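Encoded as structure tokens, the structure appears first; notes follow it.
Derivation of every value follows stated rules applied to the coordinates shown; laboratory data play no part. In this text, all values refer to a predicted model and were calculated from it rather than measured experimentally. Here Cβ is always computed from backbone atoms with ideal geometry, including for glycine, and neighbour counts include all displayed protein chains.
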Amino acid sequence: MEPESIKVEEVMTRDVISVKIGDTIAKAISKMQEHGFHELPVINDRGELVGFLNYRVLIRRKSLSIYSRVENVMVKPPTVDPDASIVDVVKLMVDAGYRSIPVVRKNKLVGIISRTDILRLVPEMKEVADLPVEDVMTSEPDVVEENSPIEYAIDIMRKLGEMSVPVVDENRKLVGIVHMRDASRAIWRDKERASMGEVSGEKKKVQVLAKEIMSPPVYVEESACLCDAVENMLKFHSSICVVVDKKMAPIGVISQRDVIEAVMRKGKPEGVFVQITGLDIEDTEPYLAIYDMVEDFLKKINRFKEFKPQMLTFHVEEHHISGKEIKYSVRARLTTDRKLFFAKDYDWNLYRAFRDVLETLERNVKKERDKLLEYRREVL
């Protein structure tokens, strides 16, 4: 099955769970937890889409009352037409960073399509399903220890833009997964107790640990294919699947985002898709300077005809070390038609961090190209 041939209306969920203007945050959270959603559309009395509510927005608003109305925190989401192709939706998901996209016809909400809906199609896409997990996973994954406070787990998920994080014991053995839905439930329970405590005079705060709310681990071994990982993610309702070695130590993570990016790569993309996440700067000048560096990098990579670039993604984290000084960490992933390449670097200067990451990627691609040419010479 080719992704371009599948229409949104063939896959979307028509019976949409939503909240209305005037509903409280508490009601929205209750619906999200009941149905296992990370995002909910907000509609008016005419059934028209007016906004979107998600966990990421709620967690950021630490001082928000659970009795506030949804219209105070909702965001404006991208939308898609029922006649659009799955490839169009996947591109929109990757570009906008949403896990689900409302489907709208004549201003009316008629459905919703999520990453999970896309994942269900993977077994039918043989070229995608048969990919080795090492070709899709993000290596050297971030993890939390089982005795870490959930605030630490939430901070990692927020920085990565993910909804789950692996949990390990003191020997770095995988023991579970913390999901944002469970962490947020604990946080909002704490807020509710705090609100009641203000009335009763109690102000005691109880620290919740990762091991107390984690779910059983969802994983595959490094020899597995993508279809195996996707089946486990769907079976256990997890947004990630951890790739482990023989000692059960995490060596990689496959997220729903990784899967839909694999679908997008197989959907005959035009040009190279470039995305930067985590960089919270309003000034456009840094972006322009970074994209200039990226353009020069891609020109160099295009000389290595054996490794055609398809996608280049960056994730930036800001580390406030002391005072106003910020140290940047930049992670990059270059997807080519043959292999995935990873690089990361840290620097006080954002531009140097990007430059060093791109230089590392270039060296790694050149090294693989040279190995391939040497192999061909030996064979011939």
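Please give the net charge around Val110, taking every other residue with its beta carbon less than 12 angstrom from that of Val110, where Lys and Arg add +1 and Asp and Glu add -1. Show your work: numbers first, answer last.
Values: positive: Arg14, Arg105, Lys106, Lys108; negative: Glu9, Asp15, Glu48, Asp81, Asp83.
Net charge in that neighbourhood comes out at -1.
Within the set of other residues whose C-beta is less than 12 Å from the C-beta of Lys173, count the net charge using Lys and Arg as +1 and Asp and Glu as -1. Mind showing how you got there, number by number?
On the way: positive: Arg172, Lys246, Lys247; negative: Glu145, Glu146, Asp169, Glu170, Asp245.
Its environment carries a net charge of -2.
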Quiz item: Under 5 Å between amide H atoms, partner at least 5 residues away or on a different chain: which partners does Ala249 have, H built in plane at 1.01 Å?
Solution: Leu174
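Could you work out the longest stretch of the chain that avoids the chymotrypsin sites (Phe, Trp or Tyr not before Pro) located in DSSP loops with at most 12 other Cβ atoms within 10 Å?
On the way: sites that count: Tyr67, Trp348.
In short, 68-347.
So what's the back-of-envelope 222 nm ellipticity for the chain, counting only DSSP H runs of four-plus at -39500 (n - 2.57) apiece and dividing by all residues, rounded to 500? Show your work: numbers first, answer last.
Details: 13 runs with 144 residues, N = 380.
Result for the chain: -11500 deg cm²/dmol, rounded to the nearest 500.
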Self-check item: Cα centre as origin, Lys/Arg/Asp/Glu Cβ charges: the stretch 3-120 dipole, Debye
Solution: 520 debye
Quiz item: Taking amide H positions as placed 1.01 Å from N in the peptide plane, with prolines and chain starts having none, which residues 5 or more places from Val274, or on another chain, fall under 5 Å of its amide H?
Solution: Leu312
Self-check item: Given charges at Cβ of Lys, Arg, Asp, Glu: the chain dipole, positive-most of Val19, Ser184, Val90
Solution: Val19
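Counting Lys +1, Arg +1, Asp -1, Glu -1, what net charge surrounds Glu162 among other residues with beta carbon under 13 Å of its beta carbon? Each step should come with its number before you reach the end.
On the way: positive: Arg56, Arg99, Arg115, Arg158, Lys159, Arg181, Arg257, Arg331; negative: Asp142, Asp155, Asp258, Glu317.
Local charge sum for Glu162: +4.
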Quiz item: Can you flag which of Lys339/Lys371; Lys173/Lys246; Lys20/Lys76; Lys126/Lys305; Lys159/Lys299 are past 20 Å Cα-Cα?
Solution: Lys126/Lys305; Lys159/Lys299
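In debye, nearest 20, what is the charge dipole magnitude of the stretch 271-379 about its Cα centre with +1 on Lys and Arg Cβ and -1 on Asp and Glu Cβ, if you could check?
820 debye
With a cut-off of 8 Å between alpha carbons and a minimum separation of six or more residues, what is the relative contact order of the stretch 126-257 in percent? Numbers along the way, then the final one.
Details: 228 pairs, mean separation 44.3, N = 132.
Relative contact order of the stretch 126-257: 34 percent.
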Quiz prompt | Mean Cβ neighbour count within 10 Å, used as a protection proxy, ranking 165-178, 252-265 highest first | solution = 252-265, 165-178
